[in-house]
Amino acid sequence: MDIRQVVITSAGAPERLRLQTSRLDPPAPGEAQVEVVAAGINFADILARQGLYPDAPPLPLVVGYEVSGTVRAVGTGVEESLVGQDVLALTRFGGYSSALNVPVAQVFAKPEVLSHAEAASIPVAYLTAWQLLVVQGGLREGDTVLIQNAGSGVGLAALDIARHVGARSIGTASAGKHDFLTARGLDHAVDYRGGDWTREVRALTDDRGVELVIDPLGGESFRRSRSVLGSTGRLGMYGVSAASSNQGLRGKLQLARTAALMPLFHPVSLMNANQGAFGVNLGHMWGEVDRLRRWMEQVLEGVESGWVRPHVDSSYPLADAGRAHEHIEARRSTGKVVLEP
Ligand SMILES: NC(=O)c1ccc[n+]([C@@H]2O[C@H](COP(=O)([O-])OP(=O)(O)OC[C@H]3O[C@@H](n4cnc5c(N)ncnc54)[C@H](OP(=O)(O)O)[C@@H]3O)[C@@H](O)[C@H]2O)c1
C-alpha cells in the first residue's frame with residue numbers, strides 16, 4: 001500500500017522535513033496496521049531533526065512516537081475484532097505517516113470522549129509525567145512539586161497528575177503562558193526566562209523548598225532545580241531542551257555546552273541533604289512495554305474520570321510538519337501540537 005510520510009532527509013532547519021510517498025507492507029505477525037488520523041509531535045522529534053538526538057536511528061528517518069487512528073488490518077496472532085476500531089498507539093519512530101504497522105502491545109482503545117488529536121496527545125506526555133511524578137517521584141497529597149517548562153506537553157500532563165494526587169503545583173514557563181496555566185489549575189506560575197526564579201520558588205515555600213522538581217531543560221538548570229529542593233526532596237531529570245536553539249555545528253556546540261554545565265551530584269552531598277536525584281527516559285523503556293501498559297491503563301481511567309485533559313495547541317497537515325516544528329521552536333505552543341494526515 002502507498003502511504004505518505006514526513007522524512008528527515010538530512011539534519012538541519014525545518015525545511016529539511018520532506019513529504020514523500022513510500023510503500024507499507026502488510027502487518028507482520030503480532031502487529032496492527034493503523035490508518036493515522038493524528039500524530040503527536042514531541043520535542044525529541046525537533047532534536048532529531050536538528051541532529052541532536054542521540055537515540056535517533058540513522059537518516060533518512062521518519063520520527064513520531066505516538067498516533068491515533070483506525071485499525072485497518074492485523075497480522076497473524078492478533079484478534080480480527082480489532083479491525084475497524086479506533087485506537088491510540090505508541091510508535092518507536094514512524095508516527096509522521098498516513099499509516100503504519102505497530103506491535104499490538106503498544107496499541108490501546110481510544111476513549112470515545114476524545115478526538116483523535118486529543119488521543120494522539122496522550123501517550124508520550126502522560127506516560128513520561130506518570131513515570132516522573134508517580135513511579136519515581138513518589139509525589140503525595142500535600143507535597144509541593146515544581147514543574148519546569150509547565151506549558152509543554154509533558155508539563156501540562158504533569159499538572160493534571162499533580163492535581164489528581166492532591167499536590168500543590170509551581171510551574172515555570174514563558175510569561176505569556178502564565179494566564180493559561182493558572183486557568184488550568186496551576187497554583188503558582190513563575191517566569192524562568194528573566195532573573196533568578198529560584199528566589200521566587202523558595203519564597204513560595206517559606207524557604208522550606210519543594211518535595212519534587214521535574215526538569216527537562218538540562219545543563220545549568222539541573223543545578224538551580226536542585227537548589228530549591230527541601231529535605232527529602234527529589235529531582236527528576238528528563239531532557240536537554242536548553243541545547244536545542246541551533247542546528248549544525250552551532251547546535252552541537254550548544255549541546256556540548258549544556259552537557260558541560262550539568263552538575264555532579266556527590267552521593268555524600270545527597271545523603272547529608274536527605275535528597276534524591278533520578279533520571280527518566282521513556283524511550284529506554286521499550287523492553288518493558290507491559291509496565292507502560294499498566295501505567296497507560298491508569299492514565300486512560302483518568303480520561304474516563306475527567307482528570308486527564310489532553311490539550312491540543314494546534315494541528316497541521318503532514319505537508320506542513322516544518323511549520324509545526326517552527327511553531328514549537330518559537331516557543332509559541334502550549335500543550336501538544338499534532339499532525340493530521
Ligand atoms: N526523557 C523522556 O522520556 C522525555 C519524554 C518526553 C519529553 N521529554 C523532554 O521534555 C521536554 C518537553 O517535551 P515536550 O515534547 O512536552 O515539549 P513541547 O510541548 O514541544 O514543549 C515546547 C516548550 O518547551 C519550552 N522550551 C524550553 N526550552 C526551549 C528551547 N530552547 N527552545 C524551544 N522551546 C523551549 C517552551 O516553553 P516556554 O516558552 O514556556 O519556555 C516551548 O513552548 C523536552 O526537553 C523533551 O525532550 C523527555
Percent RCO, i.e. relative contact order, over the chain, from Cα pairs under 8 Å lying at least 6 residues apart: 19
Proximal aspartates and glutamates to LYS177, defined as alpha-carbon separation beneath 17 angstrom and excluding residues fewer than eight positions away on the same chain: ASP160, ASP187, ASP191, ASP313, GLU329
Projected label distance in nm at SER115 and MET262, using a 7 Å step from Cα toward the beta-carbon: 3.9
Segment 135-222: Rg to Rh, with Rh as the Kirkwood radius over Cα pairs: 0.92
Inter-centroid distance (Cα atoms) of segment 73-140 relative to segment 260-299, Å: 22
Per residue, in Å², the accessible surface of the chain once ligands and nucleic acids are set aside, probe 1.4 Å: 42
Extension gain (nm, one decimal) between ASP191 and ARG291, 0.36 nm per residue minus Cα-Cα: 32.5 nm
Helical mean residue ellipticity (222 nm; -39500 (n - 2.57) per DSSP H run of 4+; nearest 500) of the chain: -8500 deg cm²/dmol
Alpha carbon convex hull of segment 124-283, projected area averaged over orientations, nm²: 9.3
Most to least packed among 102-113, 174-185 [average Cβ atoms within 10 Å]: 102-113, 174-185
Cβ-derived FRET efficiency at R0 56 Å, ARG208 paired with ALA13, nearest 0.05: 0.80
Modelled FRET efficiency - R0 35 Å, ALA175 with ARG72, Cβ distances, 0.05 increments: 0.20
Segment LEU270-GLU79, length gained on full extension (0.36 nm per residue, minus Cα span): 63.7 nm
Charge dipole magnitude, Cβ of K and R +1, D and E -1 - the chain, Cα centre, debye nearest 20: 1100
Peptides ranked, highest mean first, by Cβ atoms within 10 Å: ranges 45-52, 279-286: 45-52, 279-286
Among 258-270, 230-242, the order from most to least packed when residues are scored by Cβ within 10 Å on average: 230-242, 258-270
Pairwise FRET efficiency - ARG250 versus ASP25, Cβ, R0 = 45 Å, nearest 0.05: 0.70
Pair-distance profile P(r), taking every C-alpha pair of the chain, with 10 angstrom steps and integer %: 6, 26, 34, 24, 9, 2, 0
Inter-probe distance in nm under a simple model that places probes 7 Å from Cα toward Cβ, at GLU200 and MET1: 4.9
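The values are calculated or read from the model by the stated rules, or taken from the named source; none is laboratory data. Bear in mind the structure is a predicted one, so any value in this text is a computation, not a measurement. Note that we place each Cβ from the backbone using ideal geometry, even for glycine, and neighbour counts take in every protein chain shown. To get the accessible areas, we keep the full protein, side chains included, count just its heavy atoms, and leave off ligands, DNA and RNA. Shrake-Rupley method; radii C 1.70, N 1.55, O 1.52, S 1.80 Å.
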